[in-house]
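J.: The structure's right below; bear with me while I get my questions together.
The values are calculated or read from the model by the stated rules, or taken from the named source; none is laboratory data. All of these numbers come straight from a predicted model, not from anything done at the bench. Cβ sites come from the backbone with ideal geometry, for glycine too, and all protein chains shown count toward neighbours. These area figures cover heavy atoms from the full protein model, side chains too; ligands, DNA and RNA do not enter into them. Shrake-Rupley method; radii C 1.70, N 1.55, O 1.52, S 1.80 Å.
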Amino acid sequence: MKHVMDELRKFNEERDWDQFHSPENLAKSIAIEAGELLECYQWSSDASEQAVKEELADVLAYALQMCDKLGLDPETIILEKMEQNAKKYPVEKAKGKSTKYTEL
Ligand SMILES: [Mg+2]
């Protein structure tokens, strides 16, 4: 993860793009790129693997840049959220079900 973060910082520094990367702009960019990812499946569930890889990379890159901007460790926040989700979705209630936790 550190190598990716270093490359993202270098890419942005070389272009003086950090000035555009407010948390608000990064959050908007994540949503926009998530839309582009969804667009891969707009008319068919058989999306181009290359297109999906590229849009998923865009989503991940913006998410990592937002973590960096906010001083958050991506691994830590994912693991913390998984702990919350494990409480909301105990295996004995949620296994094999797609039901929202409020309906379990
Ligand atoms: Mg894109």
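J.: Apply the Karplus parameterisation 6.51 cos²θ - 1.76 cosθ + 1.60, with θ equal to phi minus 60°, to every residue of the stretch 57-70 and state each ³J(HN,Hα) to the nearest whole Hz, in sequence, with x for glycine and proline.
T.: Karplus-based 3J(HN,Hα) across the stretch 57-70 equals 4, 4, 4, 5, 4, 5, 5, 5, 5, 5, 4, 4, 4, 8 Hz.
J.: While we're looking at this one, here's another question. Along Cα→Cβ, 7 Å out, is where each label goes; now give me the distance between the ones at Lys53 and His3 in nm to one decimal.
T.: Between Lys53 and His3, the simple spin-label model gives 1.6 nm.
J.: Let me ask another. Considering only the other residues whose Cβ falls under 11 Å of the Cβ of Lys69, what net charge follows from Lys and Arg at +1 and Asp and Glu at -1?
T.: -2
J.: Using a 1.4 angstrom probe on heavy atoms only, work out the carbon and sulfur share of the accessible area of the chain in %.
T.: 56 percent
J.: Send over a whole-number figure in Å² for the accessible area per residue of the chain, probe 1.4 Å.
T.: Normalised by residue count, the accessible surface of the chain is 79 Å².
J.: Oh, and also: Give me the net charge for the shell around Arg15: Cβ to Cβ below 14 angstrom, other residues only, Lys and Arg +1, Asp and Glu -1.
T.: Details: positive: Arg9, Lys10; negative: Glu7, Glu13, Glu14, Asp16, Asp18.
Result for the local shell: -3.
J.: Can you pull out the trypsin sites (Lys or Arg not before Pro) in the stretch 5-104 whose DSSP state is coil and whose Cβ has at most 15 other Cβ atoms within 10 Å?
T.: Details: sites: Arg9, Lys10, Arg15, Lys28, Lys53, Lys69, Lys81, Lys87, Lys88, Lys93, Lys95, Lys97, Lys100; in loops: Lys95, Lys97, Lys100.
Answer by residue number: Lys95, Lys97, Lys100.
J.: I've got another one for you. Note down the magnitude of the dipole of the stretch 2-103 about its Cα centre, charges +1 on Lys and Arg C-beta and -1 on Asp and Glu C-beta and zero elsewhere, to the nearest 20 debye.
T.: The dipole magnitude comes to about 700 debye.
J.: Rounded if a/c is under 1.5, else prolate if a/b beats b/c, else oblate: with a ≥ b ≥ c from the C-alpha gyration tensor eigenvalues square-rooted, which is the stretch 9-58?
T.: In terms of gyration-tensor shape, oblate.
J.: Which loop chymotrypsin sites (Phe, Trp or Tyr not before Pro) in the stretch 13-104, with loop taken from DSSP, have no more than 15 other Cβ atoms within 10 angstrom of their Cβ?
T.: The qualifying sites are Trp17, Tyr41, Trp43.
J.: Cα convex hull of the stretch 13-104: how many Å³ per residue? Present the calculation step by step, with values, prior to reporting the outcome.
T.: Details: hull volume 14.0 nm³, N = 92.
In the stretch 13-104, the Cα hull volume divided by residue count equals 152 Å³.
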